[in-house]
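Below is one structure, written out as structure tokens; the observations come after it.
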Amino acid sequence: MKKKYAIGADVGGSHISVIVMDMEKETILGNCKSCYTVDNKASANEILESWKIAIEKSISGIERDQLSGIGMAMPGPFDYSKGIALFTEEVNKFENLYGINVAVELKQILDFPDDVPIRFVNDATAFAIGDAWKGKSSDSKKAITITLGTGLGAAFIESGIPVIERNDVPPNGCLYHLPYKDGIANDYFCTGWFVHNYFKRTGQPVHGVKEIARQTSTNPEFIKIFDEFGASLGEFLTPWIQKFNADYLVLGGNIARAYDLFGPAFSSALKSRNMDIKIELSKHMENSAMMGSARLMYEDFWKQIQPLLPLM
């Protein structure tokens, strides 16, 4: 008998969020979402225990024998095929998990039977899969999905499937590592860039983009930070929109919530380069990655994704 429920988990640097999806209705169970704070500098056992607590809380209201498995959206570096963590000190998070088979360890502490799989996918890719499945880009032929937060996440989606290794997408199907100005894209399209530019203008520290955005109403000078960000993002994305021939661009992540501030400069930069593409903020935002990872439990979809995992 086909099992009814799938778990989708999104692992962030400071928390894990988990949902349960009804696989028949393809909807999120409203009373089963959980979120738990995680210390990414803790021991491997403590990190895994935090993940266990969040997962067990989410499945407390369902019949465990109806659970088809867990899909997990994980940041890299990670061996998505084998479920082995490859985080190093340079990544500055989860380094105590290095070399650990997360699938094996989690299944053991959750006391799951062998026929309940735990599957993994890159977090930015999971976000794009979720949006292409249940979001605004579901009717798109070719979509580029961007997540703007502590780093730059990206995925190229064709008919709902990630494109990772092809001549019309960048290496590994992502953008963060590509050269841009005096560094790489990840240096410019992230929270750290905003914090640095605010400090250059004011000499004052700031915690994040939301704090800067609040100040634009009283000091229009700070609008220039968002204008510069939007113009640069448009310049950077244009060649890849052209090459991939994308018809849809989806934006997610915490910085995307300030789209009303950087959006005008961004759309202007695209239009000045003759880019005619539909731009949308993600419909489900943080739920998209969880929905995308839960979709790994749909066997027909998993067969299409599994060969791509070694390339992520």
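Scanning segment 23-41 for residues that are surrounded by fewer than 16 Cβ atoms within 10 Å (Cβ to Cβ) and of a type in the set (D, E, K, R) yields E24, K25, E26, D39, K41. V116 meets each of the listed conditions (1) among the hydrophobic types (A, V, I, L, M, F, W, C); (2) modelled with pLDDT under 95; (3) surrounded by 24 or more Cβ atoms within 10 Å (Cβ to Cβ) apart from (3).
Close Cβ contacts (under 6 Å, 6 or more residues apart or on different chains) running from residues in segment 155-170 that are under 17 Å from A289 (Cβ atoms) to residues that are in a loop (DSSP other than H, G, I, E, B) comprise F156/V163; F156/V169. Of the candidates I109, I70, I129, the single residue that is closer than 24 Å to K4 by Cβ, under 20 Å from the mean Cα position of the chain (by Cα) and in the same structural domain as V20 (by TED's automatic domain parsing) is I70.
Scanning segment 45-52 turns up no residue that is surrounded by fewer than 17 Cβ atoms within 10 Å (Cβ to Cβ) and in contact with a Leu (Cβ under 7 Å, 6 or more places away or on another chain). Out of the residues in segment 131-154 meeting the condition of being free of Cβ contacts under 8 Å to residues at least 40 places away in the same chain and not in a helix (DSSP H, G or I), tell me which one is surrounded by the fewest Cβ atoms within 10 Å (Cβ to Cβ). Residue satisfying both the conditions and the ranking: G151. The residues of segment 112-125 that are more than 23 Å from the chain's Cα centre (by Cα) and not aliphatic (A, V, I, L, M), listed by number, are F112, P113, D114, D115.
Within segment 22-64, if we keep just the residues that are of a type in the set (D, E) and part of a loop (DSSP other than H, G, I, E, B), the residue that is farthest from R295 (Cα to Cα) turns out to be D39. When segment 165-181 is limited to residues that are outside any loop (DSSP other than H, G, I, E, B) and at pLDDT 95 or above, the one that is surrounded by the most Cβ atoms within 10 Å (Cβ to Cβ) turns out to be Y180.
Residues that are on the phi > 0 side of the Ramachandran plot, touching a residue at least 60 places away in the same chain (Cβ under 8 Å) and surrounded by 22 or more Cβ atoms within 10 Å (Cβ to Cβ) do occur in segment 245-268, at least one of them. Which one is nearest to Y259 (Cα to Cα) among residues in segment 198-218 that are surrounded by 11 or more Cβ atoms within 10 Å (Cβ to Cβ) and among the polar types (S, T, N, Q)? Taking the candidates together, the pick is T216.
The values are calculated or read from the model by the stated rules, or taken from the named source; none is laboratory data. This structure is a prediction, so every number in the text was calculated from the model and none was measured. Using ideal geometry, Cβ is built from the backbone for each residue, glycine included, and neighbour counts are taken over all protein chains shown.
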